[in-house]
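Worksheet: one structure, shown below.
Taken together, the values in this text are just the output of simple stated rules run on the coordinates, not laboratory data. Since the structure is predicted, the reported quantities are computational estimates derived from the model, not experimental observations. Reconstructed Cβ throughout: ideal geometry from the backbone, glycine too, with neighbour counts over all protein chains shown.
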Amino acid sequence: NSVYQRGLQFERPTLSFQTAKWEADALDRMSAESKGYVFGNAGTGETARKNRDAFARWSIVPSRLVKTSALPDLSTEVLGEKHAFPVAVAPVGVQRIFNPEGEVASAAAAGRESVPYIMSTASSTSIEDVAEANGDGVRWYQLYWPANEHNDITISLLSRAKKAGFSALFVTLDTYILGWRPSDMDNGYNPFLRSDKIGVAIGFSDPVFRSQFKEKHGIEIEEDMHTAAAEWTRTIFPGFSHGWEDIAFLQKHWDGPIVLKGIQSVTDAQKAVELGVQGIVVSNHGGRQVDGGVSSLGVLPRIVDAVGDKLDVFFDSGIRAGADIAKAMALGARMCLVGRPFVYGLALGGEEGVSHVLKTLLGDLELTLHLAGIESANPKHLNRAILEREDH
Ligand code: FNR
């Protein structure tokens, strides 16, 4: 509400309140490579377009004369804990290519805004430094899962994350190799193969990776950054997927909730339930992995119907406004991850920029629910009864 009041005081804000402008302004600001990376989708971009189009098929039906004395309660419960807001910062790699402060700025902003921060294994800042920047915030660790021959590195990453206060593990299943991304290919750009350490921060700071590198090549990482970057990239993107039977390994080595990110089918959601994980993220990586894939919002209701009462369903891919969060929550998600919008905020204004994006999305959500006569983000108020399907 304070964000809204400020927006009406006729002072020009540093960052726009028009969410679509963040993308346009960020475009102006970034290098061709960073632009290609953040805007880059798989193939023709069809999945990314479908992600957005799916939101327009559902419309909110407002109720009138709903007499309330307080603004909607946005709190939600996931992984056994109550959170003030139904939003988390999605894991995004190599954030220092968007702003020199990178993950330190975004983790600090998330901590400040009471929004959980999900840290990527492809981060350009070490696990320990992100934890410090995040302070008392809720933080979760996203794993890009090295192949089984590198289980000792996986164990090292998990124990570092645990020690640094990351309370849940998000395992990304859709990216054992980066997608077919023409924009990066045109730029001849792989953000992980940069010679300036940016792409390899976590591996670079990992004692097990360091000692294995030295053993194999007879030199320190610092003596051949390019080879080290290539090796780290191959380690976290091994090229081939694990199998469902390998989840037990993570359950053995991670003491806390596990959430599988990248689920798009009912069958996979049911397998997740059978294995006893605590949550799934219905996500197609923002349309960056499989071109021609289903829209993430499109598959959400079916997945919620199948497993929503057995584990926590998170959602991402295409969230750009408060109403989008409302729709995903009404369809049964318990929390939404925001990807590209916060990256635009980071590129445009560092920590302040990320804060601005989070506050704007939440302020927009609060007022949208309030004006639609929806008293809270709890499923007892925010559910499918408030939506109508409109096909155009
Ligand atoms: C991502 N995403 C991602 N996911 C993940 O699990 N680990 C990662 O390192 C990254 N890196 C990454 C970089 C960039 C530049 C983008 C845009 C995305 C995917 C991310 O977590 C999320 O699933 C999508 O961004 C959600 O879609 P929207 O919100 O961007 O539409």
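Side notes on the structure shown:
- Counted charge near Val61, where neighbours are those whose Cβ lies closer than 12 Å (Asp, Glu -1; Lys, Arg +1): +2
- Relative to the Cα centre, the charge distribution of the range 1-110, modelled as +1 at Lys and Arg Cβ and -1 at Asp and Glu Cβ, gives a dipole magnitude of about 440 debye.
- Residue among Val171, Leu71, Leu311 farthest towards the positive dipole end of the chain, charges placed on Cβ: Leu71
- Of the residues Ser211, Gly199, Tyr189, the one whose Cα sits farthest toward the positive end of the charge dipole of the range 175-218, with +1 on the Cβ of Lys and Arg and -1 on the Cβ of Asp and Glu, is Ser211.
- Estimated inter-spin distance, Met185 and Asp255, nm [label 7 Å along Cα→Cβ]: 4.6
- Dipole of the chain [Lys/Arg +1, Asp/Glu -1 at C-beta], most positive-end residue of Ala90, Thr235, His370: His370
- Rounded to the nearest 20, the Cβ-based charge dipole of the range 136-295 about its Cα centre (Lys and Arg +1, Asp and Glu -1) stands at 340 debye.
- Separation of the alpha carbons by more than 21 angstrom is noted, of Lys82/Lys380; Lys162/Lys310; Lys271/Lys310; Lys21/Lys261; Lys310/Lys359, for Lys162/Lys310; Lys21/Lys261; Lys310/Lys359.
- Helix 266-275 axis, angle to the chain major axis (alpha carbon atoms, nearest 10°): 70
- The range 196-258: relative contact order in percent, alpha carbon pairs under 8 Å with at least 6 residues between: 26
- Inter-part distance where the range 65-133 and the range 297-354 are each reduced to a Cα centre, Å: 12
- Spacing of the two label points (7 Å from each Cα toward its C-beta) at Asp136 and Glu23, in nm: 3.7
- The average projected area of the chain, computed from the convex hull of its Cα atoms over all directions, is 18.9 nm².
- Between the Cα long axis of helix 340-371 and the first principal axis of the chain there is an angle of about 30°, rounded to the nearest 10.
- Taken about its Cα centre, the chain carries a charge dipole of about 920 debye when Lys and Arg each add +1 at the Cβ and Asp and Glu each add -1 at the Cβ.
- When peptides 112-122, 225-235 are sorted by average Cβ neighbour count within 10 Å, with the highest value leading, the order is 112-122, 225-235.
- Angle in degrees between helix 19-29 and the longest Cα principal axis of the chain, rounded to the nearest 10: 30
- Across the range 72-120, the convex hull enclosing all Cα atoms gives 76 Å³ per residue.
- Rounded if a/c under 1.5, otherwise prolate or oblate - the range 266-392, Cα gyration tensor axes: oblate
- For Ala372, no residue 5 or more places off, or on another chain, has a built amide H under 5 Å of its own.
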